[in-house]
1. Output yes when any residue across region 265-276 is assigned to a helix (DSSP H, G or I) and among the acidic types (Asp, Glu), and no when none is.
2. Just wondering, is there one or more residues in region 321-330 that are under 16 Å from Asp237 (Cβ atoms) and modelled with pLDDT of 90 or more?
3. Pick out the one residue from Leu16, Leu28 that is part of a loop (DSSP other than H, G, I, E, B), at pLDDT 95 or above and touching a helix residue (DSSP H, G or I) at 6+ places or on another chain (Cβ under 9 Å).
4. Determine, yes or no, whether Asp237 is modelled with pLDDT of 95 or more, in contact with a helix residue (DSSP H, G or I) (Cβ under 8 Å, 6 or more places away or on another chain) and open to solvent by 20 Å² or more (accessible area, probe 1.4 Å).
5. Could you name every one of the helices (runs of 4 or more DSSP H) located completely within region 62-135 that has at least 1 residues being at pLDDT 95 or above and acidic (Asp, Glu)?
6. If a residue has to be buried (at least 19 other Cβ atoms within 10 Å of the Cβ) and either assigned to a helix (DSSP H, G or I) or out of contact with any helix residue (DSSP H, G or I) (no Cβ under 6 Å at 6 or more places or on another chain) (or both) to count, how many in region 240-254 make the cut?
7. Report, by residue number, each residue of region 144-182 that is touching a strand residue (DSSP E or B) at 6+ places or on another chain (Cβ under 8 Å), farther than 23 Å from Ala330 by Cα, among the hydrophobic types (A, V, I, L, M, F, W, C) and not in a helix (DSSP H, G or I).
8. So for region 267-283 (the condition being in contact with a Lys or Arg (Cβ under 7 Å, 6 or more places away or on another chain), surrounded by fewer than 20 Cβ atoms within 10 Å (Cβ to Cβ) and more than 20 Å from Asp333 (Cα to Cα)), does at least one residue qualify?
Amino acid sequence: MARRNEPVETPEVDALPGIPLPHQRNVLIGHGETEKSLLEAYRSERLHHAWILGGPKGIGKATLAFRFAKFVLVNPDRFGPQAAMVHDLSVPENHPVVRQVAAGGHPNILHLRRPWDDKGKRFKADLPVDEVRRTVSFFGTTASARAWRVCIVDAADDMNASSANALLKILEEPPERCLFLVLSHAPGRLLPTIRSRCRRLDMAPLSETDITNGLRDLAGHAIPDASGLAEIAQTADGSLRSALTLLAGDGLAIAQGTRKLAEAGSQMDLKALHALSDLVAARGQTDNWESFQHVAETWLHGQMRRSIAAGTGAAFAYVKLWEGTQKAIAESDALNLDRKQVVLDFFLNLRSVRTQLA
């Protein structure tokens, strides 16, 4: 408990206990080609003012965005000798810019993400328009002629219609020496007008080797034996964040139980289903909740791909199931509803779908 008059630290959305946040990271796992593309663009004659960094959640988009932002602030002269001689976006860890960003902020970086609702004691369900409008004062303040200002939208998928239109407005009339790094887990769903004003860089899921290296770097002594590590890397499906959540709590047990129940179809063991639901919905176990979402989505995506390849037409049923589940997950998070019911409904609806397709 904080002492009287002692500032209480505001929670950070998507934070994982014991794991450094993207602005605190100086090492990028994978994505060498994407990093090279940003570096070459920065040193080119025509640098686009807005970029969409796209790809699945947890693969390092925010880490790369802050890495690029720090490089730009440390090397403001795009055509100077210092920027010309480097081969990547790394900057010295002891540089004042790096220390300032790691400490919680730099006046020339604006990080837009879903804010914490202190009254409701949870994060807001979306990235509201008031957050995006902070760009007005951010870009309106006086800066030196050489200074860059970088706005990181993390993630654009969280914007509602009003905030998306507010972002579009400033993208249409960008200030001088500004960069927008718009992160998106599903860039194709962004407003076409936003996409048309940005250059898009798609980041691929991480390899299992990258996942393993990332776990060793971030999790340290907490990593399991070789077989457990390999299973986590495979189950993570290219997302380092998912690998970390699987490693925490009961991630592996949830992954194994989810796949077993999903494959059972109409022969689903209801006792095992309730046991898994209790594990996922255990009080305070947000890692378990996130692990279930990742494994369920990955399994459904596999079913969709196989259905499309086989030409069975079953993919639509799986898409509809996942869309309904995503809606239930969002409502559960926003309204603090029973997570166990979401898990039960997912499997019971899945059983119904598989029975109909049989």
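1. No, region 265-276 contains no residue that is assigned to a helix (DSSP H, G or I) and among the acidic types (Asp, Glu).
2. Yes, there is a match, as at least one residue in region 321-330 is under 16 Å from Asp237 (Cβ atoms) and modelled with pLDDT of 90 or more.
3. Only one candidate qualifies: Leu28.
4. Considered against the rule, which asks whether it is modelled with pLDDT of 95 or more, in contact with a helix residue (DSSP H, G or I) (Cβ under 8 Å, 6 or more places away or on another chain) and open to solvent by 20 Å² or more (accessible area, probe 1.4 Å), Asp237 comes out as no.
5. Helices (runs of 4 or more DSSP H) meeting the threshold: 129-132.
6. Qualifying residue count, region 240-254: 10.
7. Once the filter is applied, which keeps residues that are touching a strand residue (DSSP E or B) at 6+ places or on another chain (Cβ under 8 Å), farther than 23 Å from Ala330 by Cα, among the hydrophobic types (A, V, I, L, M, F, W, C) and not in a helix (DSSP H, G or I), region 144-182 yields Trp148, Val150, Cys151, Ile152, Cys178, Leu179, Phe180, Leu181.
8. yes
The values are calculated or read from the model by the stated rules, or taken from the named source; none is laboratory data. Computed from a prediction, not measured in an experiment: that's the story for all the values here. Virtual Cβ from ideal backbone geometry, glycine too; neighbours counted across all protein chains shown. Quick note on the areas: whole protein, heavy atoms, side chains included, nothing else; ligands and nucleic acids left out. Shrake-Rupley method; radii C 1.70, N 1.55, O 1.52, S 1.80 Å.
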